[in-house]
Structure formats: C-alpha cells, structure tokens
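The values are calculated or read from the model by the stated rules, or taken from the named source; none is laboratory data. If you're wondering where the values come from, they're calculated on a predicted model, not measured in any experiment. All Cβ positions, glycine included, derive from the backbone under ideal geometry; neighbour counts span all protein chains shown. In case anyone asks, the SASA skips ligands and DNA or RNA and just uses the protein heavy atoms, side chains included. Shrake-Rupley method; radii C 1.70, N 1.55, O 1.52, S 1.80 Å.
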Amino acid sequence: MRDTRESRLLLVLLVAVAFALITVDIRGGERSPLDGARQVTASVLGPVESGVATAVDPVGNAIAAVRDSGERYDRISVLEQENAELKQRLAASDRDNARVRQLDDLLRTAGAGQYGIKAAQVVGIGAAQGFSWTVTIDVGRADGIRRDMTVINGDGLVGRVTTVGPSTSTVLLANDPDFTVGTRMEGTGELGFAGGRGDSALTVQLLNSKAEVKKGDRLVTFGSSNDRPFVPGVPVGEVIRVDPHSGGLTRTVRVRPYVGFTKLDIVGVVVRPPRTDPRDAVLPPKPKDRPTPTVTVTADPSAAADPSAGPSAGAGPSEEAAPSGGAAPSPSRS
C-alpha cells in the first residue's frame, strides 16, 4: 500500500480505536464488554499455542540438557574420584591393621623367647634370586644385619639370612629343599633335623628310632653353636604324620610348619640371642581338650514290677541291682 494521505488517516484512526478499546477494557475490569471477544479468541488460538509450545519444549529441554551436560559430567567425575579414594583408604586401612597385628604377634614371640630383633618387611620374592624359596627384606648391613642370622615372625621360624646388602637382605625360607635346622620335641626333648620340601610339610629325622611321637606333638629349634644360624626355642611346627619304623637308625615324621611361607609380610631378624634357652616357652598354649560326653543308663522301675519280665529285666522288690563286675547282695531280712 502506497504512503498516501488516506493511509495515514486510516493508521491514525486505527491507533485511536485501539487506545479507546484498551481504555474501555481496563475501566470495565471483569465486566468489560470485550471479555466475550477475548474468550472467543482464546478458545480459537489456545490449541494453536499449546501445539507450538509442545513442539518447542523438547527442543528447549534438549538445549538445556546439552548446556548442563558438562556440569553433570564434572560432578560424576568428582564422585567417581572420591569413591576411588575412599576405596584406597579402606584398603590401606585393612593392610595397616593386618600389619599392626603381625607386628604385635612378632613382638609377643620375641618377648617370650627374649630375642632381640630388627623388624623388617618383605619386599621381594625368590624369582629375583633363582628358583629357591627365598624372600628379600628391607634391612641390610646398615641396620646391623649379618649373614646366618635367624629370621622369625609371630608364628615361628621363617628362615635364615644368606646374603646381606647395604639396605636389603636375602632370606632362605625354612621350606626350601636346601634348608636344614636342628629340632627338639616338646616335653620329651627328642632331637632331630628338619628339612624343607617346597610347598609340602617339613620332614624331620628323629635321631632316636624308638622315640615315642604322635600326631599333634610340637617342635622348636634346638639352636646352633654361638646361636648362628639358629637361636634356640623358636617354634617350628606340629607333627601331622608319623612314618612306620623302617628298621633304620632314625625315625621320620612329617611336620606342618607354623609359618605360612606364601603370605609373609612383617618379619624380624634376631640380632641378639636369648641369654638362656627358652626351650618350650615360646610355643603357644595348647588348646584345652573338650570333655567326652558320658551317657548314664538308669533301670526303669516299671520293668521290675512287670511279672512277665524275666530275671534279667530288673531286681526283685527285696533286692538291689548288682553293680557291674560284682556279686548281687543277699536279700534283706526283716
């Protein structure tokens, strides 16, 4: 439409009418004469607006989700990191608690035997030194460690030191086939020599072929000259099998060692031997034997009163049952 005088007059007229309608609507309030027209317009355009909003909302939500995804990812990453740190703390706490228990057991054993020890931790296994049963510990020459010192833990004999470096040492374990240690039987004092057999039980050759030995008997180290390489009284193991007599000069028994050689962690090197032989004092107390239950059978009095019962069913009215292995007492007389 061209910009003419008539069009300008029409525009001014429409604006004036619009202002007039607005004024009338505002002054009328709820009774506005335009309220009916407004409702008709809302009923016609309402569904259109709802449809447009339905079509636009997913797009808006998607945009908001994309905008917030970075923040959510950061929160998930933070939570995952905190979770991983918590797991590490729990694992470290469990390891620390286990090491504290091992150290307590080690100190208890050292105190019972009056051994002066240098505590150490296993930091390597035998693969670095060959195919023998050995471990590497984190103490060496600078810590006062010397070759042929006894190594123990809270359970008993671990082995002996074979190689010493400035800050580490190699320990030959008691289950190595090249390992030999003198033993003494608890109580009887029977002497023997224990040898390793890898992951199997130790073999002990008792010097007395007629020695009285049974399953469950316990052994400790006999000790070496000048306490090197072995100090006396260290628990070795428990007899689990006694081989039959072979007619030789010795007797063979199988012994389960107290120490678990595949799970070593905290150990102690005996740097000062005991003043006196502790003998069996380092062994843990024996478990108490459970009493064997006994069953007492009492004769039924009704059986004695049954006339059809035979003589063996019970004693007569004027007789008492005879105790086992003895004669029946004479009938009582009035």
For this session: Kindly indicate which of Gly159, Gly111, Gly124 is open to solvent by less than 80 Å² (accessible area, probe 1.4 Å), small (Gly, Ala, Ser) and not in a strand (DSSP E or B).
Result: Gly111
Problem set entry | Candidate set: region 162-201, residues that are among the acidic types (Asp, Glu) and open to solvent by 60 Å² or more (accessible area, probe 1.4 Å); chosen: the one modelled with the lowest pLDDT | Asp199
Exercise. Under 6 Å by Cβ, and 6 or more places apart or on different chains, what pairs join a residue from region 234-250 that is loosely packed, with under 14 Cβ neighbours inside 10 Å with one that is modelled with pLDDT under 90?
Worked result: Leu249/Ser209
Exercise. Can you name the residue in region 202-228 that is among the acidic types (Asp, Glu) and part of a loop (DSSP other than H, G, I, E, B) and, of all such residues, is surrounded by the most Cβ atoms within 10 Å (Cβ to Cβ)?
Worked result: Asp217
